[in-house]
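Scroll down for the structure; my scribbles are underneath it.
A short reminder: the numbers here are calculations on the coordinates, not readings from a lab. Predicted model only: the values in this text are computed from it and were never measured. Here the Cβ is made from the backbone with ideal geometry for all residues, glycine too, and neighbour counts use every protein chain on show.
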Ligand code: GLU
């Protein structure tokens, strides 16, 4: 039997980390077994299921690279089918009409609470003659749940778990207005889509008992369930915005690569020995459910960033260039034209070795395509000193000394700057730091000679002139 998994989000908001991880596990399980991964939008809550939320889920999955097979199933479009199944069950006695009024149900609950019992429906219409139905009440259809024995789930993560059937009441399948409930819809859709494995958050574990009962009553085989533990923050507390962004879309903006995100999500509750870096190909080859941990997974933003640094280093320069350009254009309204692009490409190999996010990478390269005169950070301004300072005058002399250098290569520039320092009778540091400030507007940057080589002769000399007090008249 071929494996069919599904991701079945209720599109009521963003795609959160927990949902993304659920999608990833279902996707990996299907890909590992050569099966299919389906996407089903559980959009029956018409008020909360907005087009924006649907788009956020689709965008999030697309960004993560989790491609689904076949058409997207919209649960709302299966309503008639769900209702038909409820009526079939009614016809065979597996369900019954309940004519309780809301007031009656409220009184039943209050009584149970007062007696310290769980607020369950007491089954009062289970065997009652519908001829006794009060006038003017549209009935709901309830499931005739088994009242004796136990329901067992052989969960692939949580192992065997049983519940006493007396703990569950007769749930509503069709509301008085004829609309199907969530519980009915999930069961019918999982059956109709041929789902073999339902991997989802363990907040759905209790639903699995009712769903299993309903599957059986319908004469269908339930999927194998795998309930995965929820995600907590690094301290063990429930994951919240404090621990970093919670919506997946926000990570793209923070400069996280999808490959790093997949790797980090994979490690949330799944392990393969001590391996931390597991790329997607490896994950598909290794993924199975027996290595899912039963304890709550902990999300750690620092870990994600360190993984991201790895995947940035592994990325092709051309791919990073496209991203850097986009970010520079968005953040600084800088268009990296051909020359700027050449500068960025020249420094990318060095800059990508240090960046933990694409935002950081773009920030570290922004100085290459900034307009003159550069904006100085306060530290850079201090390195240069006031107008006429010794550091500035020295940069002016360096500018003159570099005019005639033949080859504008990193090695030649290094030799020239070192020679200049010697002539000036100062250490290299006394020159390199103000030089860095003049060329980058900051006190830290990639290697200064690489910076000079990347900027090119004209731009380097112009920036030196800006700082050294020469050539200002030409602006
Ligand atoms: N729609 C449910 C949710 O978003 C998931 C249902 C399921 O996986 O069975 O939590």
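Taking the Cα of residue 457, stepping 7 Å toward and past its beta carbon, and measuring to each backbone N in region 391-408: which are under 15 Å? Residues passing the 15 Å test: 399-408. At an R0 of 35 angstrom, the distance between the Cβ atoms of residue 177 and residue 288 translates into a FRET efficiency of 0.20.
Shape verdict for region 108-149, please, from the Cα gyration tensor: rounded (a/c under 1.5), prolate (a/b greater than b/c) or oblate. Since a/c reaches 1.5 but b/c is at least a/b, the shape of region 108-149 is classed as oblate.
Here, region 258-375 is characterised by an Rg to Rh ratio of 1.11, where Rg is the alpha-carbon radius of gyration and Rh the Kirkwood radius. Going from the fewest other Cβ atoms within 10 Å to the most, the residues 337, 303 appear in the order 337, 303.
Determine the relative contact order of the chain: mean sequence separation of Cα pairs under 8 Å and six or more apart, normalised by residue count, in whole percent.
12 percent
Once the convex hull of all Cα atoms in region 232-281 is built, its volume per residue stands at 88 Å³.
Assuming R0 = 35 Å, what is the FRET efficiency of residue 389 and residue 59, from their Cβ-Cβ distance, to the nearest 0.05?
That gives a FRET efficiency of 0.10.
Available extension along the chain between residue 254 and residue 397 is 47.3 nm, counting 0.36 nm per residue and deducting the alpha carbon span. For the pair residue 92 and residue 337, the difference between a 0.36 nm per residue extended length and the Cα-Cα distance amounts to 81.0 nm.
Is the shape of region 66-205 rounded, prolate or oblate, going by the alpha carbon gyration tensor and its root eigenvalues a ≥ b ≥ c, with a/c under 1.5 for rounded and a/b larger than b/c for prolate?
Because a/c hits 1.5 or more and a/b fails to exceed b/c, region 66-205 counts as oblate.
The calculated FRET efficiency for residue 47 paired with residue 77, based on their beta-carbon distance and R0 = 22 Å, is about 0.80. The overall shape of region 1-85 is oblate: from the C-alpha gyration tensor, with semi-axes ordered a ≥ b ≥ c, the ratio a/c is 1.5 or greater and a/b is no larger than b/c.
A full extension of the chain between residue 220 and residue 235 corresponds to an added length of 1.1 nm, given 0.36 nm per residue minus the alpha carbon distance. The fewest-to-most ranking of 452, 1, 301 by surrounding Cβ atoms within 10 Å reads 1, 301, 452. Extent of the chain along its three principal axes (Cα atoms, max minus min coordinate, largest first): 107, 44, 41 Å.
Ranked for footprinting exposure by Cβ neighbours inside 10 Å, fewest first, 22, 212, 440, 12 give 12, 212, 22, 440. Can you tell me the orientation of helix 428-440 relative to the chain, as the angle in degrees between its alpha-carbon axis and the longest Cα principal axis, to the nearest 10? It is inclined by approximately 60 degrees.
A simple spin-label model places pseudo-atoms 7 Å from Cα toward Cβ; at residue 354 and residue 314 they are separated by 2.4 nm. For the chain, the longest principal axis of the Cα atoms and the long axis of helix 51-64 meet at an angle of about 60 degrees.
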